[in-house]
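First comes the structure, then the notes that go with it.
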Amino acid sequence: MLRVAVPNKGTLAGPASEMLAEAGYRQRHEQRDLTVLDPVNDVEFFFLRPKDIAIYVGSGELDLGITGRDLALDSGAPVDERLALGFGGSNFRYAAPSGAGEWSVADLAGKRIATSYPRLVTDDLARYGVTAEVIRLDGAVEISIQLGVADAIADVVGSGRTLRQHGLAAFGDPICSSEAVVIERRGADEQEAKDRLVARLQGVVFAQQYVMLDYNCPRQLLDAAAKLTPGLGSPTMSPLADENWVAVRAMVSRKEAPAIMDRLAAFGAKAILSSDIRSCRL
Ligand SMILES: Nc1ncnc2c1ncn2[C@@H]1O[C@H](COP(=O)(O)OP(=O)(O)OP(=O)(O)O)[C@@H](O)[C@H]1O
Ligand SMILES: O=P(O)(O)OC[C@H]1O[C@H](OP(=O)(O)OP(=O)(O)O)[C@H](O)[C@@H]1O
Ligand SMILES: [Mg+2]
């Protein structure tokens, strides 16, 4: 039976479970459940703290895990990424009081840096050849400067709202760009069950990045239509009862869909429909 770790709390927990459910796996109904057995797919899910997941997967106790790239790197566990999941996006950055002028990483020398990700920070400082004191805190790191335990911080930045609220400004290049990822133990044996779960999740990730466009196109404009919506392989074209018109169907990138629909409408396509794709195998 495949053993898979899923975040039990925090930013990643909801979207990770929703994605697994969309991929056809049984998920927990009770927030407090720590395991769920999915006998149909022969998988057992373990709901663990996102910070601990890379430890379990790296030790080989669990076959796959969903966690944040930043958390996996910070754990130091021997794991590799199998798939990026497209949610839980953030940047891990240094920040300092915004009144104190623009800082650079070199200015951190001899300073106290508070963080919940000490290994990421220690490794990054070493890359710059900067020696500083890293102070490990569990959370609410943005408050540590005003409370006097640190001079600067390194923390997860999503919208940037928390930094602004505490009069802080990020500086330097992001230490890490993160999103939710599927991890496995480095050097682990290939396993069909693992590949199947990854392929199903890949299908959901892919489906979320695309929409299906359907429209009716005057026959003489088909070449232009095919250029605008080439699809992944080639667009599907079906004759309509009116032989001057053809129905076209093609997947297009979700981000580009509105602009493509504008252009299709402008050149004379009719009944242009965009619909969600739940999952796919390409
Ligand atoms: N705005 C955000 N704040 C915190 N973590 C975020 C955010 N956006 C994405 N993430 C990602 O979520 C993961 C952190 O999840 P974790 O559950 O440890 O913390 P949390 O979501 O802050 O929950 P908690 O309430 O337990 O602190 C990291 O991979 C981080 O990059
Ligand atoms: O850039 P933003 O969109 O404001 O998000 C970033 C903040 O959100 C998280 O904190 P969380 O609420 O999880 O509290 P924590 O620091 O106790 O983990 C993270 O640690 C940052 O503090
Ligand atoms: Mg947090």
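The values are calculated or read from the model by the stated rules, or taken from the named source; none is laboratory data. Keep in mind that this is a model prediction, so the values were computed, not measured. Cβ coordinates were reconstructed from backbone atoms using ideal geometry, including for glycine residues, and neighbour counts include every protein chain displayed.
Here are a few things to note about the model shown:
- First in segment 223-240 and free of Cβ contacts under 8 Å to residues at least 24 places away in the same chain, second anywhere and assigned to a helix (DSSP H, G or I) and surrounded by 12 or more Cβ atoms within 10 Å (Cβ to Cβ), Cβ under 6 Å, 6 or more apart: P235/A226
- Count of segment 102-122 residues which are farther than 17 Å from A170 by Cβ and touching an Asp or Glu at 6+ places or on another chain (Cβ under 9 Å): 4
- A single entry from K194, K255 fulfils the requirement of being at negative phi, among the basic types (K, R) and surrounded by fewer than 12 Cβ atoms within 10 Å (Cβ to Cβ): K255.
- Residue in segment 108-117 that is within 30 Å of A207 (Cα to Cα) and either of a type outside the set (K, R) or in contact (Cβ under 8 Å) with a residue 60 or more places away in the chain (or both) present: no
- Selection status of T67, of a type in the set (V, I, T) and over 28 Å from A207 (Cα atoms): no
- Helices (runs of 4 or more DSSP H) (entirely within segment 26-130) containing at least 1 residues that are more than 20 Å from the chain's Cα centre (by Cα), surrounded by 14 or more Cβ atoms within 10 Å (Cβ to Cβ) and at pLDDT 95 or above: 50-58, 118-128
- With respect to being on the phi > 0 side of the Ramachandran plot, hydrophobic (A, V, I, L, M, F, W, C) and within 16 Å of ligand 3 (Cβ to nearest atom), A154 falls outside the description.
- Candidate set: segment 154-186, residues that are within 9 Å of ligand 2 (Cβ to nearest atom) and part of a strand (DSSP E or B); chosen: the one surrounded by the fewest Cβ atoms within 10 Å (Cβ to Cβ): V157
- Selection status of G10, assigned to a loop (DSSP other than H, G, I, E, B), crowded, with 18+ Cβ neighbours inside 10 Å and within 16 Å of ligand 2 (Cβ to nearest atom): no
- The residue pairs whose first member lies in segment 155-171 and is closer than 23 Å to T122 by Cα, whose second member is near ligand 1 (Cβ under 8 Å from one of its atoms) and of a type in the set (F, W, Y), and whose beta carbons are closer than 7 Å, counting only pairs six or more residues apart or on different chains, are V156/F92.
- The set of residues from segment 142-154 being within 13 Å of P97 (Cα to Cα) and out of contact with any helix residue (DSSP H, G or I) (no Cβ under 7 Å at 6 or more places or on another chain) comprises I143, S144, I145, Q146, L147, G148, A150, D151.
- I55 within 15 Å of ligand 1 (Cβ to nearest atom) and free of Cβ contacts under 8 Å to residues at least 24 places away in the same chain: yes
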